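Colleague: Before anything else, here's the structure in question.
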Amino acid sequence: MDIKENIAATLREEMQRRKLSTEAFARFLGVGKTSLQNYLRGKGNPGLNTLELIAEKLGLSMEELLFRRQPFSPFGRAALNAVPGEIMRLHPYVRSGAQTQLLSLQFLYDLSDNLSREQLPDRPLPGERMT
């Protein structure tokens, strides 16, 4: 499950738990209805500020919002599950930057998975040579 699917699943669970319509849930979260619909389908791309706002409104940590649907494993991508909790222990001046970097890394994992599923042949990147 990628990060967007995790967010979508968490939002659906929270919306159902609160017994709110999509429109009411969007108002509660302070996001547009269309944006929320995209997030619920795993198609939206909420920014860090939006994710922080949603987590705060739901009373969740960023870790819960982003990763609660992923099983923990100490290796590879799943090792990132523990990172949000560690980020919250950082000094507030650097916390936002660390959260941005974590999201960037997660999106790179997702991109890599998507490219792998497309079975693209290995090609050199621009400026690189195949060995």
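The values are calculated or read from the model by the stated rules, or taken from the named source; none is laboratory data. As the structure is a computational prediction, the values presented were derived from the model and not from experiment. Don't worry about glycine lacking a Cβ; one is built from the backbone with ideal geometry, like all the others, and counts go over all protein chains shown. These accessible areas exclude ligands, DNA and RNA; they are computed on the full protein's heavy atoms, side chains included. Shrake-Rupley method; radii C 1.70, N 1.55, O 1.52, S 1.80 Å.
Colleague: Relative to the present Cα-Cα distance, how much length would full extension add between ALA82 and GLU5 at 0.36 nm per residue of separation? Mind showing how you got there, number by number?
Modeller: Values: separation 77, 0.36 × 77 = 27.72 nm, distance 1.81 nm.
Between ALA82 and GLU5, full extension yields an extra 25.9 nm.
Colleague: Oh, and also: ³J(HN,Hα) across segment 28-34 via Karplus (A = 6.51, B = -1.76, C = 1.60, θ = phi - 60°), whole Hz, x for Gly/Pro?
Modeller: 4, 7, x, 10, x, 4, 5
Colleague: Moving on. If you take the beta carbon distance between LYS57 and LEU90 as r and set R0 to 25 Å, what does 1/(1 + (r/R0)^6) give as a FRET efficiency, to the nearest 0.05? Display every interim value, and only then the final one.
Modeller: Numbers: r = 23 Å, r/R0 = 0.90.
According to the calculation, E is roughly 0.65.
Colleague: Let me ask something else. Of all the accessible heavy-atom surface of segment 1-41, with the other protein chains kept in place and a 1.4 Å probe, what percent is carbon and sulfur? Write out the running numbers ahead of the final one.
Modeller: Numbers: 1030 of 2230 Å².
The C+S portion of the solvent-accessible surface of segment 1-41 is 46 percent.
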